[in-house]
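Where a number appears in this text, it was derived from the coordinates with a stated rule and is not lab data. Remember, predicted model here, so these are calculated numbers, not experimental data. Here Cβ is always computed from backbone atoms with ideal geometry, including for glycine, and neighbour counts include all displayed protein chains.
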Amino acid sequence: MNIQGLKDALGHLDIEDNPAVLKKKSRDFYWFSPILKRELDEVMGDLIVSPKNEAQLTEAISIAYRMDVPVTPRGAGTGNYGQAMPLSGGLVLNLLGLNDINRPQLGSIVVGAGATFVEIDAAARSQSTQELRIFPSTYRSASIGGFVAGGSGGVGSIRWGGLRDLGNVSRVRIVTVEATPRILTLEGDEVLKIAHAYGTNGIITQVEIPLAPAYVWIEMIVAFDNFDQACTFANDLGNQDGILLKELAAMAAPIAQSYFIHHAKYVRHDQDTVFLMVASQNLAALESFIARRQGEISFRSDVLSLDQLHSLPPLFECTWNHTTLFAHHANPNLTYLQILYPYPHQIETILRIKNLLGNEIIDHLEFVRFDGHIGCMGIPLISFSTEERMEQLIKIYEDNDCIVFNPHRYTLEEGGMKRSDPSQLAFKRENDPKGLLNPGKMVAYDNPEFNFSANRKYLFSSLKH
Ligand SMILES: Cc1cc2nc3c(=O)[nH]c(=O)nc-3n(C[C@H](O)[C@H](O)[C@H](O)COP(=O)(O)OP(=O)(O)OC[C@H]3O[C@@H](n4cnc5c(N)ncnc54)[C@H](O)[C@@H]3O)c2cc1C
């Protein structure tokens with residue numbers, strides 16, 4: 001790879017090769033996994049380019065294409081599985097500069113891929129009294145392009161479902177990696193070619209996403225004496241059609257009291273908890289539902305003074321993978337898995353596995369709407385011992401009819417459904433003919449013969465150390 005030649009050719013754009021910056025911008029939150037930490041710790045790009053607009057981006061891509069240099073797109077780098085890490089080195093494409101935010105229309109907004117959720121939501125609220133329907137708990141830093149390419153769902157999924165559900169991303173504009181890059185617009189089913197493809201088959205420059213009316217959300221922690229009660233309450237609350245929720249998560253003791261430094265004082269060590277956000281107009285209805293189930297409201301944001309409120313982070317920063325982040329900070333030996341429990345038997349499955357595994361796991365559940373039904377994703381905290389034991393745990397979940405999205409693998413397929421998506425693969429072949437885009441992440445492209453059911457781990461042969 002002729003890196004000096006690349007620097008010379010891109011010299012008129014915003015480039016960076018300071019080793020400390022390069023190291024930082026070659027990483028994401030891969031270290032949540034002790035296995036990925038070991039495997040990917042040395043991964044480094046060779047040069048960062050930060051285009052300010054689509055024209056500069058297109059120019060950088062055509063130069064990289066001509067020089068056969070791998071290109072790894074990157075937003076804020078908050079992904080978890082080494083998604084944005086340049087496994088073969090080369091050019092790191094910092095897309096945060098493509099951050100234009102158009103004026104919101106009724107029901108939707110068009111934004112640049114580098115715009116962050118906090119910026120988009122602020123624009124939607126101030127200019128149109130609307131808000132984002134779904135966002136990751138990394139709202140304050142993550143980009144919309146990174147979410148569409150790497151995310152799955154988050155706050156709002158209890159009402160609106162996941163990222164790849166039809167309608168949750170209205171339109172995506174992408175640039176291909178060719179001698180003369182093409183600009184394509186994807187809508188409807190076509191969006192699924194690029195959504196959650198880890199930036200392997202096109203570079204997103206603009207996204208249109210739906211908006212909903214902006215509500216006043218009340219944050220609440222409801223405490224219970226046992227986990228069975230907490231998760232049954234959460235599951236049943238999710239099914240209350242008249243109560244509008246933005247977030248609904250159940251956390252086994254001692255998560256709330258031991259790991260959440262800001263909210264710990266509201267909960268006892270032995271309490272199992274439900275973290276939720278409810279629309280203010282449904283507060284009284286929610287209080288009635290909590291009373292019926294003998295829950296204890298241990299925290300509610302509507303009774304706090306402004307000073308108290310400002311001293312706390314938003315409650316959603318205790319949910320999704322923020323739970324894992326805080327738990328790992330408190331106990332670096334804690335890592336996680338990502339589980340989809342079988343609908344409609346999610347609660348009995350969760351409790352059965354809890355009985356089997358005892359203290360080896362601490363349950364964290366996120367309730368989500370799947371095709372009109374309230375189902376449940378698990379992000380259990382796990383005391384890490386060995387990679388072999390992690391595989392055994394995955395097998396136990398799978399033997400109990402769960403689907404495991406393995407966060408200890410860096411490839412799209414192994415971290416997902418363990419099979420390739422033919423439409424995403426075909427799209428890569430069309431848009432990235434030299435295979436330069438985020439190499440090593442799509443197994444189906446690198447090694448079409450790889451057998452996912454043979455229980456082998458895919459090792460990318462060009463992993464650059
Ligand atoms: C504490 C914590 C909590 C999280 N909570 C959630 C959550 O609630 N829900 C959720 O889904 N995820 C969550 N994540 C994962 C991650 O934060 C989100 O997926 C986030 O949206 C990624 O955005 P980003 O800008 O940081 O993307 P990056 O990490 O920079 O990139 C993610 C992937 O997208 C690709 N990419 C980035 N920009 C583009 C582009 N413009 N075009 C093409 N490809 C691109 C990258 O190559 C990479 O494969 C969490 C992670 C952490 C560490």
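Numbers at a glance
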{"item": "Extreme residue, positive dipole direction of region 217-405, given options 322, 285, 375 (C-beta unit charges)", "result": "285"}
{"item": "Region 217-405 - charge dipole about Cα centre, Lys and Arg +1 at Cβ, Asp and Glu -1, debye rounded to 20", "result": "300 debye"}
{"item": "Region 16-91: GluC sites (Glu not before Pro) in DSSP coil with no more than 11 other Cβ atoms inside 10 Å", "result": "42"}
{"item": "Ranked 244, 10, criterion: other C-beta atoms within 10 Å, fewest first", "result": "244, 10"}
{"item": "Relative exposure of 185, 335, 273, judged by other C-beta atoms within 10 Å (fewest first)", "result": "185, 335, 273"}
{"item": "Pairwise label distance in nanometres, residue 38 with residue 182, each label 7 Å out on the Cα-Cβ vector", "result": "4.4 nm"}
{"item": "Distance from region 175-219 to region 227-271 (C-alpha centre basis), Å", "result": "32 Å"}
{"item": "Value at 222 nm in deg cm²/dmol, rounded to 500, when DSSP H runs of n ≥ 4 in the chain each add -39,500 (n - 2.57)", "result": "-8000 deg cm²/dmol"}
{"item": "Charge-dipole axis of region 44-178 as Lys and Arg at +1 and Asp and Glu at -1 on Cβ define it, positive-most pick from 145, 67, 94", "result": "145"}
{"item": "Two-site FRET efficiency, residue 309 against residue 164, from Cβ-Cβ distance with R₀ of 56 Å, rounded to 0.05", "result": "0.95"}
{"item": "Alpha-carbon centroid distance for the pair region 365-415 / region 101-130, whole angstrom", "result": "33 Å"}
{"item": "Ascending count of other beta-carbon atoms within 10 Å, so fewest first, for 267, 110", "result": "110, 267"}
{"item": "Cross-link reach list, lysines versus residue 25, counting only Cα pairs under 29 Å and skipping chain neighbours closer than eight places", "result": "7, 37, 52, 193, 418, 428, 434, 441, 457, 464"}
